[in-house]
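Everything below concerns the one structure shown next.
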Amino acid sequence: MITVHDVNDRRLDFYRDLRHAQTLHTRSKVFLTDGEKITLSILQSSLHVHSILLTQELYEKHLSSIQSKIPAEECYVMSKKDMDILVGFDLHSPMMSIVEEPASTSLSSMKGPIIALNGIVNSDNVGGIIRNAIGLGFKSIIIDSTTSSPYLRRAVRVSMGSIAFATCSASQHLPKDLLKLKEQRSIPIISAEITPISKDVSTFTFPQDFILVFGSEGHGISNEILAISDEILHIPMFQSVNSLNVSSSSAIFLHAAKDQKD
C-alpha cells in the first residue's frame, strides 16, 4: 500500500480530472470504477485491475479483498479531501479502480441466448440493459459500432459493475453478423420493436436459444435487422404512453424470457 499526499503524483493520472479523462481511458483500453459497491464487484470478477485508489478507512475495511487482487505497489491510499481535488468533484464514495478492458469475444464462440444492442448511444441505457441482462442470467452481449461503449464511466456506474461478468463481442456490421449466426447455428433473431406486425411479448413463447435485439429510443432497430428478424415483439402500452425507456423495456423482455428458460 502506498500513501499519496501529492495530488500531482503522475502515478494517479488515470484518476485525474474525471470529467475529461475518458479519452485517456479509452485510448489506454482501461475503464474506471467509481464507488465502493462497484469497485468491490469488480474485485470479485476475473478482470485485471491495474490499480486502486481509496481512503485509509476503506482500505482497512476491504483489506482482504484488495490484497488478494491487487499488488501493494498499485494500491494508493489518499485522504478524501485530496481525492476530491484529484478527480475534480466531491466523491460520495471514495473508492475507485482502473481496470483493463477485456478483449472482444469472437462471435462464433458466443453462447446463446445472446443480447444485441443496435445504435444505443445513451450510456445510462447501455449500463441499465447490461445490469438487467446479467441480473436475469443473460451473459452474452453483442455491442454494435453505433452503440456507446459499455466501458464508459457512466455505463459502468449504471451497470453497477455487472459489465465485468458479461461476455461481450464487438460487431462492426450487426445485420451481417446476426444473419451469419442465424444461418450457422439456426438461432432465431427476435427484435424488440413496435411495428404493424409485432406481437405482444406477454403472449410469446421464447425458444430455448435466441438473439434478442434492442434498439435506440430515437431511431429504433435498423430496417436491415428487422428484415432478417424471425419475430418482432412489443410491450402493450396504454393511454398516451407509446413506449418505455429501452432499459426498462429490456427488463420486461428479459424477465419474460428468463421465466420460460427456467
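I want to confirm something. Restricting to segment 192-236 and keeping residues that are assigned to a loop (DSSP other than H, G, I, E, B) and charged (D, E, K, R), which single residue is modelled with the lowest pLDDT? It would help to see each step written out before you state the result.
Of all residues in segment 192-236, those assigned to a loop (DSSP other than H, G, I, E, B) come to 193-198, 204-210, 217-219, 221-222, 229-230, 235-236.
Those still in the list that are charged (D, E, K, R) too: 193, 209, 217, 230.
Values: Glu193: 91, Asp209: 93, Glu217: 76, Asp230: 95.
Among them, the one singled out is Glu217.
Considering (1) at positive phi; (2) crowded, with 17+ Cβ neighbours inside 10 Å, the lone condition that Val77 does not fulfil carries the number (1).
Yes/no per residue for (1) at pLDDT 95 or above; (2) outside the structural domain of Ser148 (by TED's automatic domain parsing); (3) within 25 Å of the chain's Cα centre (by Cα):
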position	(1), (2), (3)
Ser28	yes, yes, yes
Ser41	no, yes, yes
Leu63	no, yes, no
Gln67	no, yes, no
Pro71	no, yes, no
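Write out, first by first residue and then by second, each pair whose Cβ atoms fall under 7 Å of each other, whose residues are 6+ apart or on separate chains, and whose first residue, in segment 161-190, is touching a residue at least 24 places away in the same chain (Cβ under 8 Å) and at positive phi while the second is part of a helix (DSSP H, G or I) and small (Gly, Ala, Ser). Note: pairs meeting the criteria are Gly161/Ser41. Scanning segment 102-114 for residues that are buried (at least 19 other Cβ atoms within 10 Å of the Cβ) and out of contact with any Lys or Arg (no Cβ under 9 Å at 6 or more places or on another chain) yields a total of 2.
Return the residues of segment 145-191 that are assigned to a strand (DSSP E or B), of a type outside the set (Val, Ile, Thr) and buried (at least 23 other Cβ atoms within 10 Å of the Cβ); say none if nothing qualifies.
As a first pass, look at segment 145-191 and keep what is assigned to a strand (DSSP E or B): 167-171, 189-191.
Narrowing the set further to residues that are of a type outside the set (Val, Ile, Thr) leaves 168-171, 191.
If the condition is that a residue be assigned to a strand (DSSP E or B), of a type outside the set (Val, Ile, Thr) and buried (at least 23 other Cβ atoms within 10 Å of the Cβ), then Ser191 is the only one that fits.
Picking from Leu86, Leu107, Leu63, which residue would you name as being closer than 30 Å to Ser216 by Cα and either touching a residue at least 40 places away in the same chain (Cβ under 8 Å) or out of contact with any Asp or Glu (no Cβ under 9 Å at 6 or more places or on another chain) (or both)?
Working: Leu86 fails: closer than 30 Å to Ser216 by Cα; Leu63 fails: closer than 30 Å to Ser216 by Cα.
On inspection, the qualifying residue turns out to be Leu107.
Hand me the list of helices (runs of 4 or more DSSP H) wholly inside segment 1-106 holding 3 or more residues that are among the β-branched types (Val, Ile, Thr). If you could, list the steps in order and put the result at the bottom.
Values: elements: 22-27, 36-43, 56-61, 63-67, 80-87.
The qualifying helices (runs of 4 or more DSSP H) are 36-43.
Among the residues of segment 115-130, the one identified as farther than 26 Å from Gly35 by Cα and surrounded by fewer than 24 Cβ atoms within 10 Å (Cβ to Cβ) is Gly119.
The values are calculated or read from the model by the stated rules, or taken from the named source; none is laboratory data. Everything numeric here is computed off the predicted structure, so don't read it as measured data. Using ideal geometry, Cβ is built from the backbone for each residue, glycine included, and neighbour counts are taken over all protein chains shown.
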